[in-house]
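Here is the structure we will look at.
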Amino acid sequence: MKIIMLGAPGAGKGTQAKKIAEKYQIPHISTGDIFRANIKNGTELGKKAKTYMDQGLLVPDELVCDLVVDRVKQEDCKNGYILDGFPRTIPQAESLDEALGQMGESLDYAINVDVPDEHIVNRMSGRRACVGCGATYHIVYAPTKKEGVCDVCGAELILRDDDKPETVQKRLSVYHEQTQPLIDYYKGKGILKDVDGTKDMDVVFQAITDILGA
Ligand code: ADP
Ligand code: AMP
């Protein structure tokens with residue numbers, strides 16, 4: 001099963017993608033996580049990506065496409081995968097389609113987690129990320145057992161720099177301009193599935209599993 005997640009920043013793509021990956025035993029590939037790991041490790045890619053991420057801009061397509069195409073060719077992806085945060089532009093979607101076409105493959109589902117802008121700032125200002133393992137929480141909707149400490153690895157939680165309100169506004173406008181057109185792109189391919197992302201996480205997950213099947 002080859003799935004992509006669409007939706008505004010903070011819509012809940014990562015939250016749902018992790019649950020889907022676990023249920024269907026397929027790798028969860030998050031380009032945001034890949035960039036953050038590169039930043040943490042001080043790689044050249046990380047240094048380049050950070051300059052864009054800090055401004056709420058997208059990292060240029062040429063730094064993203066090959067990375068994802070190489071990743072989906074790996075052995076653990078042969079039974080499928082879930083892409084979270086990619087594609088984010090029409091050229092990215094086209095380059096993925098072209099690479100999959102060359103392998104005789106295609107995507108099965110594009111799941112659009114629909115959340116209106118007015119919910120997004122609240123979602124993102126309350127999001128907390130673990131500096132150790134990258135796990136994601138929300139101070140109200142998905143709190144940790146002990147405040148400020150990761151349930152999984154015990155490391156400290158932070159508010160991501162790009163989740164600060166001034167950057168969130170920029171990311172939202174970038175989303176509407178560059179990423180939202182993908183909804184029509186995948187509708188045209190007949191694989192778009194919309195879910196209401198304003199509902200509780202478990203309700204959203206149920207809606208997704210209804211689409212994907214047992
Ligand atoms: P994305 O990957 O789309 O940027 P996340 O999955 O990180 O979004 O979710 C953004 C924030 O909103 C996180 O803090 C997460 O815990 C919270 N969240 C995710 N889904 C829901 C939901 N259905 N209801 C309330 N909060 C949610
Ligand atoms: P995310 O964790 O998905 O919210 O991504 C965080 C940031 O990483 C984004 O705001 C972009 O700057 C960058 N990024 C992640 N995925 C992509 C992508 N497919 N194309 C361009 N930039 C990306």
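Have a look at 169, 206 and point out the one that is within 16 Å of ligand 2 (Cβ to nearest atom) and surrounded by fewer than 15 Cβ atoms within 10 Å (Cβ to Cβ).
169
Does segment 1-25 hold any residues that are more than 11 Å from ligand 1 (Cβ to nearest atom) and open to solvent by less than 10 Å² (accessible area, probe 1.4 Å), and which are they?
Residues satisfying the conditions are 3, 4, 20.
Quick one: is residue 182 open to solvent by less than 80 Å² (accessible area, probe 1.4 Å) and closer than 20 Å to residue 9 by Cβ?
yes
For segment 111-125, what are the residues that are away from ligand 2 (no atom under 14 Å from the Cβ), open to solvent by less than 70 Å² (accessible area, probe 1.4 Å) and under 27 Å from residue 68 (Cα atoms)?
Residues satisfying the conditions are 111, 112.
Against the conditions (1) touching a residue at least 60 places away in the same chain (Cβ under 8 Å); (2) farther than 30 Å from residue 167 by Cβ; (3) in a helix (DSSP H, G or I); (4) open to solvent by 70 Å² or more (accessible area, probe 1.4 Å), where does residue 98 fall short? Just the number, please.
It is condition (1) that residue 98 fails.
Take the residues of segment 190-214 that are of a type in the set (S, T, N, Q) and part of a helix (DSSP H, G or I): which is nearest to residue 82 (Cα to Cα)?
So, considering only residues that are of a type in the set (S, T, N, Q) and part of a helix (DSSP H, G or I), the one nearest to residue 82 (Cα to Cα) is 209.
From 50, 40, grab the single residue that is under 24 Å from residue 82 (Cβ atoms) and among the basic types (Lys, Arg).
Every option except 40 fails the conditions.
Only one residue in 83, 172, 157, 107 is closer than 20 Å to residue 49 by Cα and in contact with a strand residue (DSSP E or B) (Cβ under 7 Å, 6 or more places away or on another chain), so which one is that?
Answer to the check: 83.
Restricting the first residue to segment 56-75 and requiring it to be aromatic (Phe, Trp, Tyr), which pairs with a second residue that is more than 8 Å from ligand 2 (Cβ to nearest atom) and not in a helix (DSSP H, G or I) meet a Cβ separation below 8 Å and a spacing of at least six or different chains?
Qualifying pairs under 8 Å: none.
Residue-by-condition table, conditions (1) touching a residue at least 12 places away in the same chain (Cβ under 8 Å); (2) open to solvent by 50 Å² or more (accessible area, probe 1.4 Å); (3) not hydrophobic (A, V, I, L, M, F, W, C):
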{"position": "27", "(1), (2), (3)": "yes, no, yes"}
{"position": "46", "(1), (2), (3)": "no, no, yes"}
{"position": "102", "(1), (2), (3)": "no, yes, yes"}
{"position": "134", "(1), (2), (3)": "yes, no, yes"}
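Taking only segment 29-44 into account, find how many residues are assigned to a helix (DSSP H, G or I) and either surrounded by 18 or more Cβ atoms within 10 Å (Cβ to Cβ) or free of Cβ contacts under 8 Å to residues at least 60 places away in the same chain (or both). Break it down into steps so the answer makes sense when it comes.
Residues of segment 29-44 assigned to a helix (DSSP H, G or I): 31-40, 44.
From what is left, the residues that are either surrounded by 18 or more Cβ atoms within 10 Å (Cβ to Cβ) or free of Cβ contacts under 8 Å to residues at least 60 places away in the same chain (or both) are 31-32, 34-36, 38-40, 44.
Residues in segment 29-44 being assigned to a helix (DSSP H, G or I) and either surrounded by 18 or more Cβ atoms within 10 Å (Cβ to Cβ) or free of Cβ contacts under 8 Å to residues at least 60 places away in the same chain (or both): 9 in total.
The values are calculated or read from the model by the stated rules, or taken from the named source; none is laboratory data. Everything numeric in this text was worked out from a predicted model, so none of it was measured. Ideal geometry is used to build each Cβ from the backbone, glycine not excepted, and the neighbour counts take in all protein chains shown. Just so you know, the surface numbers come from the protein's heavy atoms only, side chains and all, with ligands and any DNA or RNA stripped out. Shrake-Rupley method; radii C 1.70, N 1.55, O 1.52, S 1.80 Å.
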